[in-house]
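Written out below as structure tokens is the structure these notes cover.
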Amino acid sequence: MDITLALGGGGARGAAHLGVLRVLEREGFRIRAVAGTSIGSIVAAMYAQLGSAEEVQRAVAAIDQSRLFSWPLADGPGLLGIRGVQEMIRQQFGDLTFGELGLPCAAVAVDLNSSREIILQEGRVFDAIMGSIAIPGLIPPRQYNEYTLIDGGTLDPVPVRAARAFAPDLPVVAVSLMYPLDTPKTPLTMSLPMAVPFAEQINQLNITRAFNIFVDAVDISQHQMTELRLRIDHPEVLIHPDVADVLFLDRVDIERLAQRGEQATQASLPQLRKAVSWQARAWRRLRQAVSSGD
């Protein structure tokens, strides 16, 4: 039962992807290619590198979440210091290139110079991920060849098109960590993972209240873009873990969020099995033949 996988962005919510991977493996689905945006690009590259959900979860569980972000500004034009994030990604991937990964993999980013989506599947994995996670205003852009890269969620929060390009004859299973627009949302309040007394001082500043408004605005925009792109790109299966209560910078219980990913994937098993049925395969081939005839 072969599929391709598109992993969406969502900050700390990304731990839910681990549960999705676990169920897919357990139920016998073979992931033949994977694409990711933002946090999804990290999980996608880890899976392509390590080859199993168990190994990915072990690597994620070893991350010290309290050291990922820092304050004040120190790493470029962004509100968060990201040396901890950089070090984590560098330790995981080093100078590994996409060609050295065990599966076809892509990270999606947006180029500030051309205002277009960039699908990165060549060169160093580290550079591509740093571009894909560069949330505008929060994390500094990443220079990559001729591109100035920012978070792929700006234009493509769930990279269905990138995943489909690897194998157009296979169903795309998309995982969205953005809550549906009709879901009451939890306000995104800044909560930096740092020493409590200093964090409390920071939270009293006007700049922090402005930060919260900015993050809320970005979140609204990404939810709208997610809905639009999913309607246009139309994945064969959409998995939607219930993670609306998890905030961007939360320090999370990884296993608890992974279980939410598991629950959503278990609920999607009928659609997953239908997507890999011989009838669905025949329909995709017919659709491709008609499309190529045009």
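The values are calculated or read from the model by the stated rules, or taken from the named source; none is laboratory data. Just so you know, these numbers come straight off a predicted model, no measurement behind them. We place every Cβ from the backbone using ideal geometry, glycine too, and count neighbours over all the protein chains shown. In case anyone asks, the SASA skips ligands and DNA or RNA and just uses the protein heavy atoms, side chains included. Shrake-Rupley method; radii C 1.70, N 1.55, O 1.52, S 1.80 Å.
Just the number: Rg to Rh for segment 1-148, Cα atoms, Kirkwood Rh, two decimals.
0.96
From the gyration tensor of the Cα coordinates in segment 80-157, what semi-axes in whole Å does the equivalent ellipsoid have, largest first, with each one equal to sqrt(5λ)?
Working: eigenvalues 70, 51, 19 Å².
Those come to 19, 16, 10 Å.
Under the Karplus relation 6.51 cos²θ - 1.76 cosθ + 1.60, θ = phi - 60°, what is the ordered set of whole-Hz ³J(HN,Hα) values for segment 220-230, x standing for Gly and Pro?
Each residue of segment 220-230 in turn: 4, 4, 5, 5, 4, 5, 4, 4, 5, 5, 5 Hz.
7 Å from Cα along Cα→Cβ at both E54 and N113: what's the point-to-point distance in nm?
So the label points at E54 and N113 sit 4.5 nm apart.
Can you list the HN-Hα couplings for segment 120-135, worked out from phi with the Karplus curve (6.51, -1.76, 1.60; θ = phi - 60°), rounded to whole Hz and with x for Gly and Pro?
Values, residue by residue: 9, 9, 9, x, 6, 4, 4, 5, 5, 5, 4, x, 5, 9, 7, 4 Hz.
Given a 1.4 angstrom probe, I'd like the percentage of the accessible area of segment 25-165 that is carbon and sulfur, rounded to a whole number.
49
When the Karplus curve 6.51 cos²θ - 1.76 cosθ + 1.60 is applied with θ = phi - 60°, which whole-Hz ³J(HN,Hα) does each residue of segment 7-12 get, with x for Gly and Pro?
Each residue of segment 7-12 in turn: 9, x, x, x, x, 4 Hz.
Using modelled backbone amide H atoms (1.01 Å from N, in-plane), which distant-in-sequence or interchain residues come within less than 5 Å of G51's amide H?
Under 5 Å from the amide H of G51 lies no amide H from a residue far enough along the sequence or on another chain.
Could you state the number of Å between the C-alpha centres of segment 1-46 and segment 121-183?
13
Measure off 7 Å from each Cα along the Cα-to-Cβ vector at Q91 and D2, then give the distance between these two points in nanometres to one decimal.
The answer from the label model is 3.7 nm.
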